[in-house]
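The values are calculated or read from the model by the stated rules, or taken from the named source; none is laboratory data. From a predicted model like this one, the values you see are computed outputs, not experimental measurements. Cβ placement follows ideal geometry from the backbone for every residue including glycine, while neighbour counts extend to all protein chains displayed. Ligands, DNA and RNA are excluded from the accessible area calculation, which covers all protein heavy atoms including side chains. Shrake-Rupley method; radii C 1.70, N 1.55, O 1.52, S 1.80 Å.
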Amino acid sequence: TFFGGSPFSAGPLPLQLSNLTALTYIMLRHLRIHAELKAFTQHLSAVSGLQHFDMAYNFLYGSIPAALVTMPALTTLALFVNYLTGSIPQLVSPLVGLILASNYLSSSFPTPPTTLASCFASSTCLTDFTGCRGFLRPSGDCGTICGGGCGEGEACAPLVEAGSEPGSIVPMECAVSIDSVPPRLMHTSAVDSTVPPRVIHTSAAVAMLLLRRSLGVTFTDWTAASLCLVSGGSMLTPHGWTGVRCDSQGHPIAIDIAATTGQFLLPAPSFPSVVSTLQALSSIALPGNSIYTEFKAFAWHLSRLTSLKHLDLSSNVLYGPIHSSLLTIPTLTSLTLSGNDLTGSIPAVGSQLLSLSLSSNYLSSSFPTPSTPLPACSAHTNCLTDVSVCNTSEAGAGNQRSASECAICGGGCAEGEVCAPNLMVMRRAQSMQSTQSTQSAMAALATLSYPMSCFTSRDSFLPVAMAPAAAAAMLALKKSLHVPFTDWLQGALCSVERGTDSTTHGWTAVTCNGEGHPTAIAINLQKLSGSFSSQVSVLTALTHISLINDRIVAEMGVLAANLPSIPNLQYLDISYNFIYGPLPTAILAKDTLTFISLASNYLSGSIPAVGSQISELHLPHNYLTGTFPSSGATFASCTCADNCLQSAVNCNAGDDALQRESGCDICSHAIGTVQPCGANGVCAPEVSPAAEPGSLLPMTCHASGGKKSKRACKKKRSVCHPLQCGAGYFCVPFVRSCKGYKCVKLWR
């Protein structure tokens, strides 16, 4: 009781409370909890022995759920001094004590089955107090809150600030209710323990892992092998992907990472372009995570989500203008950007929006007239001249910032600049977070005043023409890897580091420095084949290569033969493909390479010596054998589970017990057999068009080194047949002749 900080949004009481079989008494009084009562208590009915429940002096709002007053053992319920609305549900025995004073409850008091020993409903909006002691609110605001009422799927909620006290008169607005929000908040009746979690879809896992890296999410259970909780399933079922909900096919439908989870995202994060592949994703909630970055760059790719309905980025440190494409996403019905540092005018509001919250920013000019009225809208505590079309109760100047507060960045920034909070203050805030508990850190952050200054906008980092020699090398790479992008052209502009995708450019998936030299290549979720050309050695500024889930079917030694020649390569991720054969020694020994991920491929053989420069090495879900070699490397992270290793202690001791229990007798030979495919053969997967990277596939011996076969397949055939090849040869789908098939010698 009596938490002295600022009001905070609290997630629901967990379903696991049902495990506390002796629990009879819960008192959460004066904690400044700001939440919809129905959402906060949705799992409480699972506590079958609960007798006393007290949540007085908070910022609870919405109606009282019938499931709460009808709990079989509940005798006393205290919800006084909150902001509850609606009628009181029908009461049942054994309830004998009910205290609901100082709320906005309406209609008449329901007739209890037996006389209540103690009942108080004073200072409410009830029309009939028969059966309970009470009187009407003296302030006369019963018919004026939330404009007289909210629409279906909404709840009337108080607008609380750092100094707000429970029971004080505060503005109230219509907010999205639990009845209409995505599956991250669920009714108890919707929880089904028989709905099992499932492995996330491969393409979705790739996009989510890239999202994890781009946003700096630190949940350790965001892995391709983790099970995702299916919407409607019980949280008691073991699962991974914390904060994520999936549909029955394993596609993410909701991401909810709130400050109460302890996740504080890295400075300057952004949603990567591959987020557009998450076409089932309907809800994103990242409130209170101290996200410090320019808003347009952060959220640019969200407008490509075709199913997005709910977006909550409130209580962060997002700055700059709101880009117009976000407010006009055809499916978006609820957008919450309150509690940031957004500036500029508000773009046109799409007719599809039902709830828009822009409070506590620095937005200017007047609120644009929406094409259709907004059922729920809030824009107080800004620098707006007129917000009457948003919410008439906020139309007065007293609901906006003062002239002195709005005089940020000296009254305005020059072209190519953006008004942003000072980074040094943000670093002080993040240091505060690292030394305080989550609750106290958030309370402290709410009281900080960030000085605003003009900084170079990411929009001002305009694309540049790629250097001629680099462009020639990239075109050779396009040919050797069969890159499908049509804008890889001589003379095309290349996106510059720190720039946004809001400016037109070519060279998709490539980032350059200011001199036009490529620094990063990130081709993900495409279909590639072949190898890296020898001309990559010209790319002296290239530090990052990411080819994730590109359905590459190639021998590792052939694919990556020229990678060590890239002078400054630091980061290599070619996970989730069909890459096979042994690991080349030159890759692990390259002196500049610090990060390598080859997860979920079909690599075999022993692991060569690991260079001391490598800080992160990820080799899980392969067929590697022997023992993980000792080295001088000090790993920040090393994973090698789900291989055929005898010992993994030099990588991760915990992975010792996580090796394959079966499936290691690949190519019809027991694991550890020296050259099971002969001196000129290699063990490779048989890949069908429907095969998923990392799945169990038949593995057979193929010719090594990409050598040509003695007899080619018949032309113009899309599938192989044994009769197409001569005796002792068979078709494998990993070269481009004969529509991707080739006859190779069968090694016995």
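When the accessible area of segment 19-85 is computed with all protein chains present and a 1.4 Å probe, what percentage of it is carbon and sulfur? Let's see the in-between values first.
Numbers: 1200 of 2070 Å².
C and S atoms contribute 58 percent here.
In this rough spin-label picture, where each label sits 7 Å from Cα along the Cβ direction, the Asn513-Asp487 distance is 2.4 nm. Taken about its Cα centre, segment 490-630 carries a charge dipole of roughly 180 debye when the Cβ of each Lys and Arg holds +1 and the Cβ of each Asp and Glu holds -1. Amide H to amide H, with H built 1.01 Å from N, Met172 comes under 5 Å of Cys146, Leu159, counting only residues 5 or more places away or on other chains. Residue by residue, segment 165-171 carries 3J(HN,Hα) couplings of 10, x, x, 6, 7, 10, x Hz when phi is fed to the Karplus relation 6.51 cos²θ - 1.76 cosθ + 1.60 (θ = phi - 60°); x denotes Gly or Pro.
For the peptides 696-702, 251-257, the ranking by mean Cβ contacts within 10 Å, running from highest to lowest, is 251-257, 696-702. Partners of Lys38 within straight-line reach, counting aspartates and glutamates whose Cα lies under 13 Å from its Cα and excluding those fewer than 8 residues away in the same chain: Glu154, Asp179.
Each peptide in 321-333, 593-605 receives the mean, over its residues, of other Cβ atoms within 10 Å, and ordering these scores from highest gives 593-605, 321-333.
So the label point goes 7 Å from the Cα of Ala609 along Cα→C-beta, right? Which residues of segment 626-655 then have their backbone N under 17 Å from it? Those under the cut-off are 627-634. The charge dipole of segment 6-160, taken about its Cα centre with unit charges on the Cβ of Lys, Arg, Asp and Glu (plus for the first two, minus for the last two), comes to roughly 280 debye. Projecting the Cα atoms of Leu477, Ala492, Leu542 onto the charge dipole of segment 475-562 (Cβ charges, centred on the Cα centre) puts Leu477 farthest toward the positive pole.
If we count every other residue with Cβ under 14 angstrom of Gly97's Cβ, Lys/Arg +1 and Asp/Glu -1, where does the sum land?
Values: positive: Arg133; negative: Asp54.
Summing Lys/Arg as +1 and Asp/Glu as -1 gives 0.
Dipole magnitude for segment 555-685: computed about the Cα centre from +1 point charges on Lys and Arg Cβ and -1 point charges on Asp and Glu Cβ, it is near 220 debye.
Counting only residues at least eight positions apart within a chain, or on another chain, the aspartates and glutamates with an alpha carbon under 14 Å from that of Lys296 are Asp341, Glu417, Asp459, Asp501.
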